[in-house]
Structures are given as structure tokens and as C-alpha cells.
Amino acid sequence: MAEFLKMGGYAAFIWPAYGVSAAAIILLISYIFLRSRRVKKQLAALDHKPLDGLTEARALAESRVVAEYGAAAEDKRPSNVNNTASKRPPTSDINPA
């Protein structure tokens with residue numbers, strides 16, 4: 001048994017390699033387990049969240065436009081565009097050009 005543990009004189013290299021490999025495998029398995037629990041919780045939350053389809057999609061698109069072009073871009077839309085997703089009253093200080 002002692003000869004096996006000495007690994008023919010290479011025990012100083014072999015046993016740490018086994019230890020690092022075992023630690024990496026344990027970390028990967030625990031990461032996968034924890035991530036799956038988090039994703040299952042997120043999916044459960046999405047299943048119970050009421051969706052409003054077009055209104056929610058429009059609000060998301062408007063938030064992206066505002067994030068990219070600033071708040072003034074939202075106010076410069078044509079008047080025939082439905083503004084139901086926006087809760088802000090229209091401003092009158094924009095100069096039509």
C-alpha cells in the first residue's frame with residue numbers, strides 16, 4: 001500500500017493533479033446544480049407573470065429607442081402613432097423642423 005501511495009516516486013506530482021481534477025469536477029457539478037435552480041426559479045416567475053403582448057412589446061421598443069437616442073426621440077414620433085404605452089403627457093416645447 002505504501003508503494004502505491006508513493007506512485008513510484010512521482011507522488012508529489014500525481015496526487016496534486018488528482019486533487020486539482022477532483023476539485024474542478026466538484027466545482028463544475030455544483031455550478032451546474034446551482035445554475036439550474038436559478039433558471040428554474042426564473043422560469044417559474046415568468047410563468048406566473050401576466051403578459052400584455054403588444055403593449056409590453058411596444059414599451060420595450062420605446063425604452064430601447066429612448067436608451068439609444070435619448071428622451072427627445074420618443075416625443076418626435078408622428079402624431080398618428082398610438083402612444084398608449086407611454087404614460088408621459090406630450091410636451092409642446094419641441095420645434096417642428
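The values are calculated or read from the model by the stated rules, or taken from the named source; none is laboratory data. Remember, it's a predicted structure, so these values are computed and weren't measured experimentally. All Cβ positions, glycine included, derive from the backbone under ideal geometry; neighbour counts span all protein chains shown. The area values use the complete protein model at the heavy-atom level, side chains included, leaving out ligands, DNA and RNA. Shrake-Rupley method; radii C 1.70, N 1.55, O 1.52, S 1.80 Å.
What to note about this one:
- The stretch 8-17: number of residues that are modelled with pLDDT under 90 and surrounded by 10 or more Cβ atoms within 10 Å (Cβ to Cβ): 0
- Residue within the stretch 55-68 that is modelled with pLDDT under 75, among the basic types (Lys, Arg), open to solvent by 80 Å² or more (accessible area, probe 1.4 Å) and within 21 Å of the chain's Cα centre (by Cα) present: no
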